[in-house]
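Undergrad: Just passing along the structure, written as C-alpha cells.
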Amino acid sequence: MSLPSKKIGSTKGKSLTNDRIEKLKVGNQDPTTRRIVTNNQKISDSSGLFVQVSKTGKKTFRYKYYSLEERNSKGIPKDKVVTIGTFSLNGDGIDSFTIEQARSKHRSEIALLKREGTDPQDKKIEEKKHSDALQAKEERTFKVLSLQWLEAQPFTDLHREKVVARLKGDCFPLMGNKPVHTIVREDIQAVADVIIARDSIDTAHRVIAWLGKIFEDAYFRRLTPVDPTVGILKRLPRAIRESHKAVVEPDQLREVLLKLDASPSQLTVKTAMMLLPHVFVRQMELRFARWKDIDLESGLWILHKSKVKGRSIADPKMADKPKDYIVPLSRQVVEMLAKIKPFTCNSEFVFPGLDSITRPISNGSINVAMKRMGIIETTAHGFRSTARTLLSEKLDIPAFVIEPQMSHSTKGDKYGYQRGSFLAQRRAMVQVWSDYLDQLKVGEPDIASLKAKYEDLCLKFQKM
C-alpha cells in the first residue's frame, strides 16, 4: 500500500498559481515568499505535489508519496517521487501541464493508488516498458525499414521519387505496417499481382527487385529470419518490349515537323517538342536543361549527365565515368531558346513546369502533347533514331561524329564520352542538320549543298 506524503515545506494559503510558477527563476526572488530561488528548489502545492525549478529555466511537476510495502533499514516507509511533466502556460495535459492540469493528474493517480493499491512509480515503469515495446515494433515495420534502406541508396532525386511513389502506391497499403519478420511470400506475391493486374509488368519487375534489396538488407541485419522475395522475380511474366517508334523516311518526317510547328501546346512544351528533332538528346536531358549550362552566344550547352547507361552517377561503380559533355547548338536552336527565355519567369529550368517554375515539365508532357497532335509515327525518344539514320544515310556524316553528339560510346572508342570529342565536326553537323530540317519542311533538301556546307563549317570551326 502507498500513500501520498504531506506537503513539502509549503505555507498555508500560498499554493501555486500559473503566474507564480511562470515568474520562478533560479537566483531571483519567489514573488510570493520573497526568498531567493535556488537550483532544483522544490516549491510545494498540496498533498505532496510540487514544482522543481532548475537553473536552465525548466520547471517540472512532481509529487512525493511513501510506500508501506517498501521500507528502509530502519523500518520507515520509503519515500518515492513520480514526475508528472513540465510546466507550460499552454500545457497539453500530456507532456506539458498548467498547475490545474498537474493537480488533476496528481489527484487521479493518488485516487487510483488508494482505490486499487497501484504504486504510481511501478505503473509508470510498466507503461514505459510497454511504450518501448510498441516503439520497437513500429521501428521494424516494412514501411520504416524500406525508407531507411532507400535513404542509404545512391539514387538520383528523380529515381528516389519514383521508388517512393511505387512503395507508397503498391507496397505500403498491403504491408506497410507489418513487422518485417511477419511478412511472407504470399504478401510479396500479392504486391506483384496488384501491379500486374493493371498491365504494368515492367513496373512489377522493378518493384519486386527493390523489395528483394530491402529484405536482403533486413535479413543481413537479422530483422527477419528469411527473405520472402526469393524466387518471385523469376516467376513473374515477361514484359513484351517494343522499340521506340521513329520515322526514318524524309516524307514522314516532314509531316511530323509541320505538325509540331502547328501545335497549340503551351509555349514551353511546344518549344521542347520543336527542339528535340534538332538536338536529339534524351528526353530527360532536355527536360532538366538549365539556363546556367547554356551559352547562347557561343551556341554550346554543357549537359551534366544524371545517368550513364541507366546507372546513377552517384553509383561508386560509375566514379571513373565522365559526368557531362558538350552539346553544340545550331543557329535555329539558339533562336528558339532566346525566344522562350523571357517567358520562363526566371526559372533555373529552360522548360519550367506548368504548375511550378521550381520543377521542369513532367515526364510525359512531350509525348502526350505529340499524341494530341496526332503524331503517332514516333515518340520523343524516336527523334534520336531519326537523326542517327538520316545523318548517316542522307548527309554521309561519319559515325564517329554522330555518336558523341548522342552521348554514345562507339565500340572500341574510349573517347566517345569526352566533353570535347570531335567538337568542330559536331558543330558543323548540327547546323547542317537543322538546315536540312528547315529545307525538308518546304520541299526537297539540297543534299549536295548541305554536304559542301558541312565541309566548309568543319574547317571554320577547327580554326576557332
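Undergrad: Give me a count of the residues in segment 21-52 that are within 25 Å of residue 113 (Cβ to Cβ) and of a type in the set (Asp, Glu).
TA: 1
Undergrad: Ok, one more. Filter segment 63-118 for residues that are among the acidic types (Asp, Glu) and closer than 28 Å to residue 23 by Cα; which is modelled with the lowest pLDDT?
TA: The extreme case among them is 109.
Undergrad: Just to be sure, is residue 280 within 28 Å of the chain's Cα centre (by Cα) and surrounded by 15 or more Cβ atoms within 10 Å (Cβ to Cβ)? If you could, list the steps in order and put the result at the bottom.
TA: On the way: within 28 Å of the chain's Cα centre (by Cα): no; surrounded by 15 or more Cβ atoms within 10 Å (Cβ to Cβ): yes.
Answer is no for this residue.
Undergrad: Still on this structure, please answer the following. Under 8 Å by Cβ, and 6 or more places apart or on different chains, what pairs join a residue from segment 127-156 that is surrounded by 10 or more Cβ atoms within 10 Å (Cβ to Cβ) with one that is of a type in the set (S, T, N, Q) and modelled with pLDDT under 90?
TA: Hits for this filter: 141/177; 142/177; 143/177; 154/312; 155/312; 156/306; 156/312.
Undergrad: So residue 310 clears everything in (1) surrounded by fewer than 18 Cβ atoms within 10 Å (Cβ to Cβ); (2) modelled with pLDDT under 90; (3) closer than 21 Å to residue 364 by Cβ; (4) in contact with a helix residue (DSSP H, G or I) (Cβ under 8 Å, 6 or more places away or on another chain) except one condition, right? Which one?
TA: Every condition holds for residue 310 apart from (4).
Undergrad: Let me ask you something else. Can you tell me which residue is modelled with the highest pLDDT among those in segment 347-383 that are of a type in the set (S, T, N, Q), assigned to a loop (DSSP other than H, G, I, E, B) and under 26 Å from residue 157 (Cβ atoms)? Full working, then the answer.
TA: Keep residues of segment 347-383 that are of a type in the set (S, T, N, Q), which gives 347, 356, 358, 362-363, 365, 367, 378-379.
Cutting the leftovers down to assigned to a loop (DSSP other than H, G, I, E, B) gives us 347, 356, 358, 362-363, 378-379.
Filter once more, keeping what is under 26 Å from residue 157 (Cβ atoms): 347, 356, 358, 362-363, 379.
Details: 347: 93, 356: 83, 358: 87, 362: 84, 363: 77, 379: 88.
So the residue we want is 347.
For every residue, the table says whether it meets (1) outside any loop (DSSP other than H, G, I, E, B); (2) surrounded by fewer than 16 Cβ atoms within 10 Å (Cβ to Cβ); (3) among the basic types (Lys, Arg).
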site	(1), (2), (3)
22	yes, yes, no
27	no, yes, no
33	no, yes, no
51	yes, no, no
61	yes, no, no
80	yes, no, yes
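Undergrad: Is there a residue in segment 123-140 that is modelled with pLDDT of 75 or more and within 20 Å of residue 215 (Cα to Cα)?
TA: The first filter runs over segment 123-140 and keeps only residues modelled with pLDDT of 75 or more, leaving 140.
Retained after the next criterion (residues that are within 20 Å of residue 215 (Cα to Cα)): 140.
Yes, the conditions are met somewhere in segment 123-140.
Undergrad: What pairs come out if I take residues in segment 432-454 that are without any contact (Cβ under 8 Å) to a residue 24 or more places away in the chain and surrounded by 14 or more Cβ atoms within 10 Å (Cβ to Cβ) and pair them with residues that are part of a loop (DSSP other than H, G, I, E, B) and not hydrophobic (A, V, I, L, M, F, W, C) whose C-beta lies under 7 Å away, six or more apart or interchain?
TA: 439/445; 439/446
Undergrad: Report whether or not residue 411 is of a type in the set (Lys, Arg) and at pLDDT below 90. So that I can check it myself, show each step before the final result.
TA: Values: of a type in the set (Lys, Arg): yes; at pLDDT below 90: yes.
Spelling it out, residue 411 is indeed of a type in the set (Lys, Arg) and at pLDDT below 90.
Undergrad: Here's something else I'd like to know. Just the residues that are farther than 17 Å from residue 256 by Cβ and in contact (Cβ under 8 Å) with a residue 12 or more places away in the chain, please, taken from segment 363-382.
TA: Step one: filter segment 363-382 for residues farther than 17 Å from residue 256 by Cβ, giving 363-365.
Across segment 363-382, the qualifying residues are 363, 365.
Undergrad: If you don't mind, another one. Select, from 334, 279, 248, the only residue that is hydrophobic (A, V, I, L, M, F, W, C) and at pLDDT 95 or above.
TA: Details: 279 fails: at pLDDT 95 or above; 248 fails: at pLDDT 95 or above.
Testing whether each residue is hydrophobic (A, V, I, L, M, F, W, C) and at pLDDT 95 or above leaves just 334.
Undergrad: Considering only segment 384-409, state which residues are in a helix (DSSP H, G or I), surrounded by fewer than 21 Cβ atoms within 10 Å (Cβ to Cβ) and in contact with a Gly (Cβ under 9 Å, 6 or more places away or on another chain).
TA: Once the filter is applied, which keeps residues that are in a helix (DSSP H, G or I), surrounded by fewer than 21 Cβ atoms within 10 Å (Cβ to Cβ) and in contact with a Gly (Cβ under 9 Å, 6 or more places away or on another chain), segment 384-409 yields 400, 403.
Undergrad: Additional query: Could we say that residue 69 is of a type outside the set (Lys, Arg) and in a strand (DSSP E or B) here? Full working, then the answer.
TA: Working: of a type outside the set (Lys, Arg): yes; in a strand (DSSP E or B): yes.
Yes; evaluated as a whole, the condition is true for this residue.
The values are calculated or read from the model by the stated rules, or taken from the named source; none is laboratory data. In this text the structure is predicted, and so the values were computed from the model without any measurement. No Cβ is skipped: glycine too gets one built from the backbone with ideal geometry, and neighbour counts run over all protein chains shown.
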